[in-house]
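Structure, as structure tokens:
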Amino acid sequence: MLKLSYLEYRALRAHGEETYPHECCGALLGHATPDGNHVSQTVRAGNTRSDRAHDRYNIAPEELIKIQRHARGLGLDIVGFYHSHPDCPAQWSKTDFDEAHWVGCSYIITRVNHGKSDVTNSFLLTGMGEDDKQFIDEAVEIEMAPSQTEKAQAKG
């Protein structure tokens, strides 16, 4: 199961709307636990695919290293990636699968339909390596922030 806050969920979906009709992309920072990946922060990345940005994405290696260093500085790991599918299903494609290499990571895909995010799915990359890797559907739990009333009551 993938867990992330409502604010991070909204942020990655908004990113897809802002880059429409091109794909957006970014990384998920957090911790891998026995019950799944827990996302603490999403980090936007630039899509370097200028030839087919409407249906492909790529994060530059230098930017990925920068994101890894940022994560380490926060005591976090890269636990996944996200990208959008403009006017296409929130389902992984053959290209998505072929270019996925981070076993144990979650891959979030959001469909941006006519400029509006409407479906978000996650897929966990499993296996021991390239020869036996596979995507499995991954449940997503959106953690809602406590309301101001609940915060006030908790302070007592």
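A short reminder: the numbers here are calculations on the coordinates, not readings from a lab. Note that the structure is a prediction, hence the values are computed from the model and not measured. Note that we place each Cβ from the backbone using ideal geometry, even for glycine, and neighbour counts take in every protein chain shown.
Structure summary
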item: Antiparallel bridge percentage (DSSP; both residues within the chain; nearest 5); result: 70
item: Rounded to 10°, Cα long-axis angle of helix 6-19 versus longest principal axis of the chain; result: 30
item: Neighbour-count order for S5, S122, S117, S93, fewest beta carbons within 10 angstrom listed first; result: S93, S5, S117, S122
item: Proxy reagent accessibility, fewest Cβ within 10 Å first, across E23, E63; result: E63, E23
item: Distant-in-sequence amide H partners of R49 (H built 1.01 Å from N, under 5 Å); result: N58
item: Taking the C-alpha atoms of region 73-141, convex hull volume expressed per residue in Å³; result: 113
item: Neighbour-count ranking [beta-carbon atoms within 10 angstrom, fewest first] of I65, I109, I142; result: I65, I142, I109
item: Positive-end residue, region 62-115 charge dipole about Cα centroid, Cβ charges, pick of W102, H70, G80; result: H70
item: Calculated diffusion of region 15-126, Stokes-Einstein form, Kirkwood radius summed over Cα pairs, 25 °C and 0.890 mPa s, µm²/s; result: 174
